[in-house]
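None of the figures in this text is laboratory data; all of them are computed from the coordinates on show. Remember, it's a predicted structure, so these values are computed and weren't measured experimentally. Here the Cβ is made from the backbone with ideal geometry for all residues, glycine too, and neighbour counts use every protein chain on show.
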Amino acid sequence: VLSPATAWAGMFPSSPFSSGGAGGSGAAFLKLVRSTRESALGGAASANARGSDALFSNPAGLASLVPESPAELSLTYDNLLETSYLGTAAWGRPLGTDGALGADAAYFSQGAMTSYNGLGDNTGSFRPYDLAVSLGYAHRFKELALGGKLKIIRSVLDDVSGVSAAVDFGAQVKSLFLLGDRPVDAGAHLSNLGPPIKLGSVAAPLPFAMAGGLLWHMSKAVGANLEVHLPADQDPYVSLGVEAAYRFDAEKRAASLRLGYDQSHGRE
């Protein structure tokens with residue numbers, strides 16, 4: 001029987017929260033899962049995540065769905081390197097006067113690959129894939145919102161597969177302080193906290209990460225975001241994002257221009 005300390009240590013790579021942990025995580029596709037809005041803002045989403053897409057960053061943002069909000073459904077598809085691709089779906093709806101319920105799924109595949117036996121003979125092909133499905137809930141407490149979700153993760157590689165589970169938690173605070181005469185919101189979240197995933201005889205920790213950031217409402221139309229990221233399998237890094245929104249009418253139809261910078265991309 002594993003002691004609590006041993007079990008906890010198995011949830012992180014060696015030399016966690018530094019470059020020494022690079023390559024030590026399993027289910028790495030979870031690091032690719034984010035909304036298009038979050039990507040455009042360089043990954044700075046802790047304080048500004050909202051709607052069903054918040055399930056992929058800070059689940060507390062799901063609480064932005066107020067009772068009069070319609071249900072939301074978001075679908076994305078990304079072509080990645082070579083034959084690999086990632087598809088996501090997120091759904092959210094208000095629940096009661098102060099809550100919101102959501103669910104999401106992410107599917108990643110590298111396309112068909114050739115398999116060989118111990119003699120080097122071609123034995124056919126296989127299609128590795130990863131899948132995560134989640135259920136989340138968020139609740140508003142005046143200026144504070146809290147949210148969380150439970151996810152089930154499955155990885156398949158040829159004739160071996162592994163399953164794990166993880167939780168995400170997050171919080172958002174509106175108008176934490178003023179910068180000049182404009183409010184600043186704050187947010188923080190942790191993701192992929194759970195036991196290692198095991199494929200065959202090899203177990204690897206999930207890509208646990210923490211992040212926290214600020215959203216400065218520079219004007220009614222422009223917001224500036226600053227975020228600090230603490231992933232377990234690389235050095236800490238910073239991301240920045242600016243979003244300008246133009247509303248066409250009182251029905252909240254709008255167009256947005258977004259710019260983002262992700263320091264971790266500059267290290268690659």
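Specify the inter-centroid distance of segment 9-29 and segment 177-193, based on alpha-carbon positions, in whole Å. So the two Cα centres are separated by 27 Å. Net charge of the neighbourhood of residue 41, taken over other residues with C-beta under 15 Å away and scored Lys/Arg +1, Asp/Glu -1, is -2. Extent along the principal axes, Cα only, for segment 124-268: 61, 36, 33 Å, with the longest axis given first. The base-10 log of I(q)/I(0) for the chain, evaluated at q = 0.08, 0.11, 0.14 Å⁻¹, reads -0.35, -0.65, -1.02 [Debye formula, identical scatterers on Cα atoms, solvent excluded].
Mean separation of Cα pairs under 8 Å and 6 or more residues apart, divided by the residue count, gives segment 1-97 a relative contact order of 19 percent. What does the charge add up to near residue 134, with Lys and Arg as +1, Asp and Glu as -1, over the other residues with Cβ less than 12 Å from its Cβ? Once all neighbours under 12 Å are counted, the net charge is 0. Database remark: amide H of residue 51 closer than 5 angstrom to the amide H of 64, 65 (H placed geometrically; neighbours at sequence offset of 5 or more, or on other chains; Pro and chain starts carry no H).
Here the chain is scanned for trypsin sites (Lys or Arg not before Pro) in DSSP loops (not H, G, I, E, B) that have at most 11 other Cβ atoms within 10 Å, and the longest stretch holding none of them is 1-141.
Between residue 123 and residue 82, full extension at 0.36 nm per residue minus the direct alpha carbon distance yields a gain of 12.5 nm. Normalising by the residue count of the chain, find the relative contact order in percent from Cα pairs under 8 Å and 6+ residues apart. Computed value for the chain: 21 percent relative contact order. Local charge for residue 149 was computed over the other residues whose Cβ lies under 9 Å away, with Lys and Arg +1 and Asp and Glu -1, and equals -1. Across segment 96-236, Cα pairs under 8 Å and at least six residues apart give a relative contact order of 14 percent.
Using a Gaussian network model of the chain whose springs link C-alpha atoms within less than 10 Å, name the residue from 176, 146, 240 with the highest mean-square fluctuation. In this elastic network of the chain, the residue with the biggest mean-square fluctuation among 176, 146, 240 is 176.
Comparing 170, 212, 87 in a Gaussian network model of the chain, where Cα atoms under 10 Å apart are tied by springs, the biggest mean-square fluctuation is seen for 87. Under a 10 Å cutoff between Cα atoms, tell me which one of 159, 235, 185 has the largest fluctuation in the Gaussian network model of the chain. Residue with maximal mean-square fluctuation among 159, 235, 185: 159.
Here's the picture: a label point sits 7 Å out from the Cα of residue 175 along the beta-carbon direction, and within segment 190-232 the residues with their amide nitrogen under 14 Å of it are 217.
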